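Colleague: Before I ask anything, let me first share the structure, which is written out below as structure tokens.
Read-outs: derived from the displayed coordinates by stated rules, not from any lab. Remember, it's a predicted structure, so these values are computed and weren't measured experimentally. Glycine also receives a Cβ, built like all others from the backbone with ideal geometry; neighbour counts cover every protein chain displayed.
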């Protein structure tokens, strides 16, 4: 286990009926940009609760943030924010709305000529950002308790990420009851997304970090256990609460402290979303087993440990099989052909893009353009 510094300034307000707590955390003098997506918060009661909590403050709304938030849409929000001289951003929705809020907060104060440079440099040039608060309605990305953001650019079919300590949410409200109106597909995606976040920080090689391993295994064991109940059309508070908390802990930086991390699945998956419009979680379910098989030799020890502790199976290949079976059990496809995507076309497109960027991923930095193409071809 290597040296690390753990810092997370986000206040988590968790449980039933916690949305009114916004009122004491947003200064009455704040001029608020209320950011949300397609309008589901108006159907599940979140919108009314948020507006009531913000009463007495100037609030300007910006709806319409996409499931994969677009750069072009974010720039419209930045323009509105500057025009109205707003000083605080409240994101109400899932991880996409939160990701958009982070980029908007950074872009609003960015001193460079082109805000896309924030993403080109992975956030290294961010020096300030507007304050952000969040009301989470879709557990999946962990964006409510981290400094990460992923943004898509429609014009160039790119999907890039950035991270900056400036964009941690000041607070995040997590009320599991806000998830009751979610379509089953979105709950499924949240389970897979959270599972994959844990695995990117865990499925590498033994690093003398037994507590971190147990943290990670505990999260995925919980996800496997509660998945059937969490996906039930009759919402169960305790399973939804467990899913929401698992999602937050999967990517709030805690389980990654002092251990090697992979993230190749995510980096390749971003390109599948950019080119073909797949949901983020769908790309992860396709690619993760392929990455593991491709790197079987170096991941064998952790795969064996994972399989035995989480699924009760022996051997690396059995662990991969059990993972795919778990995805299938909650209705998640794991092959490109399930979406009628040509593996040959996808492999060449992503090979070309990674070659252009001189990209290399994985815990050993040895998954480059050619390796990414082979992984994609293995997931026909």
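Colleague: Rounded to the nearest 10 degrees, what's the angle between the helix 264-276 long axis and the longest principal axis of the chain, both from Cα atoms, 0 to 90?
Modeller: 70 degrees
Colleague: So what is the 222 nm mean residue ellipticity for the chain from helices alone, if each DSSP H run of at least 4 adds -39500 (n - 2.57) and you divide by all residues, rounding to the nearest 500 deg cm²/dmol?
Modeller: -14500 deg cm²/dmol, from helical runs alone.
Colleague: Could you work out the mean projected area of the convex hull around the alpha carbons of the chain, in square nanometres to one decimal?
Modeller: Mean orientational projected area (the chain, Cα hull): 17.4 nm².
Colleague: Ok, one more. Once label points are set 7 Å from the Cα along Cα→Cβ at both residue 76 and residue 355, what is their separation, rounded to one decimal in nm?
Modeller: 3.7 nm
Colleague: Still on this structure, please answer the following. I'd like to compare 340-346, 31-37: which one has the highest average count of other Cβ atoms within 10 Å, and what's the full order after that?
Modeller: Taking the mean over residues of other Cβ atoms within 10 Å, the ranking is 31-37, 340-346.
Colleague: Report, as a whole number in µm² per second, the diffusion coefficient that Stokes-Einstein gives for the stretch 143-298 at 20 °C and 1.002 mPa s using the Kirkwood radius over alpha carbon pairs.
Modeller: Here the translational diffusion coefficient equals 129 µm²/s.
Colleague: Could you pull the Cα extents of the stretch 183-377 along its three principal axes, largest to smallest, in whole Å?
Modeller: Cα spread of the stretch 183-377 along its principal axes, largest to smallest: 46, 40, 30 Å.
Colleague: For helix 316-329, report the angle its Cα long axis makes with the longest principal axis of the Cα atoms of the chain; keep it between 0 and 90° and round to the nearest 10°.
Modeller: It is inclined by approximately 50 degrees.
Colleague: If you consider only alpha-carbon coordinates, what radius of gyration and Dmax does the stretch 322-380 have, in Å?
Modeller: Computed over the Cα atoms of the stretch 322-380, radius of gyration and Dmax are 13.3, 38 Å.
Colleague: Also, I was wondering about something else. Relative to the first principal axis of the alpha-carbon coordinates of the chain, what is the inclination of helix 343-357, with its axis defined by its Cα atoms, in degrees from 0 to 90 and to the nearest 10?
Modeller: Taking Cα atoms only, the helix is inclined about 70 degrees.
Colleague: Can you tell me what the convex hull of the Cα atoms of the stretch 1-90 projects to on average, as an area in nm²?
Modeller: Projected area, direction-averaged: 8.6 nm².
Colleague: Let me ask another. Across bins of 5 angstrom width beginning at 0, how are the C-alpha pair distances of the stretch 171-218 distributed, in whole percent?
Modeller: For the stretch 171-218, the pair-distance distribution reads 5, 16, 19, 16, 17, 13, 8, 5, 0.
Colleague: For a protection proxy built on the mean count of beta-carbon atoms within 10 angstrom, sort 312-319, 4-11, 72-79 highest first, please.
Modeller: Going by the mean number of other Cβ atoms within 10 Å, highest first, we get 72-79, 312-319, 4-11.
Colleague: Relative to the present Cα-Cα distance, how much length would full extension add between residue 321 and residue 109 at 0.36 nm per residue of separation?
Modeller: Contour length minus the Cα-Cα distance gives 71.6 nm.
Colleague: Sort 231-241, 347-357 by packing, meaning the average of other beta carbons within 10 Å per residue, with the highest value first.
Modeller: Most protected by this proxy first, the peptides run 347-357, 231-241.
Colleague: Could you list the residues of the stretch 30-59 with an amide nitrogen less than 14 Å from a label point located 7 Å from the Cα of residue 85 in the Cα-to-C-beta direction?
Modeller: Counting backbone N atoms under 14 Å from the label point, the list is 30-32, 58.
Colleague: Oh, and also: Where q = 0.18 Å⁻¹, what log10 of I(q)/I(0) comes from the Debye formula for the stretch 38-192, counting one point per Cα?
Modeller: The Cα Debye sum returns log10 ratios of -1.10.
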